[in-house]
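Single-structure report; data block below.
Only the coordinates and a few stated rules stand behind these numbers; no lab work does. Note that the coordinates shown come from a computational prediction; the quantities given were computed from them, not determined experimentally. Cβ coordinates were reconstructed from backbone atoms using ideal geometry, including for glycine residues, and neighbour counts include every protein chain displayed.
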Amino acid sequence: MNRFAKILFALTIALLAYPAGAQQDSALILADPAGRPTLVKDAFGNWTAPVSVYSDDDVELFVPDTLTLGGIPLDGGEFRRDGTYATYLYSFYKNDHDCRKYRIPEGHESDPKLLEACALLRYQRRVIKVDTRKKTLDVVEAILMYRDAQPFPNNLSLKNQTMRLDATANPVMFKTVNRITALIARQVSRGLSP
């Protein structure tokens, strides 16, 4: 099945699975009945198929499938010269394990409001900037979404948080960024970037 056919198939499945009357224009993700993203929005607001770049029992991470890999224009010269790029990174939380582990402060593990919020959390979209030479990742923006994949202004946080890409300190992000970087390097080497 070629790329166009895959996107068309994903769009058809997502539209059939999407509840009637839902606000599709403000959603960032269209998902199948199990919640797995079938389409995500790129930086230009276009629907595109998600490309899985990491998965385990608790979470699956995706980037939009566009020639700019994430819809954020990729400057091939900048990537070659500086080893930097930016993209959207979507998270699909398969359960509430990550939320309970990383989002509930110590001593509040049994707080019913926090547990309820974790049960509702399903997706996250981050804007990440990667410097492959310095081995750093900058999370510029993050937005959390519940099962309806609607962005709420109070869930948007401008982070500008920089982290070191280290296999020991953060193995998930280390593997994820390596996979995205390999996809971008392949695109640049084929001359597919603008």
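I'm a student and want to see the number: the projected area of the Cα convex hull of segment 50-189, averaged over all directions, in nm². Could you put the intermediate results ahead of the total?
Values: hull surface 35.5 nm².
So the mean shadow area of the Cα hull is 8.9 nm².
Which peptide among 163-174, 31-42 comes first, and what is the full order, when sorted by highest mean count of other Cβ atoms within 10 Å? Don't jump to the answer; show the numbers that get you there.
Values: 163-174: 13.6, 31-42: 18.8.
Those peptides, ordered most packed to least, come out 31-42, 163-174.
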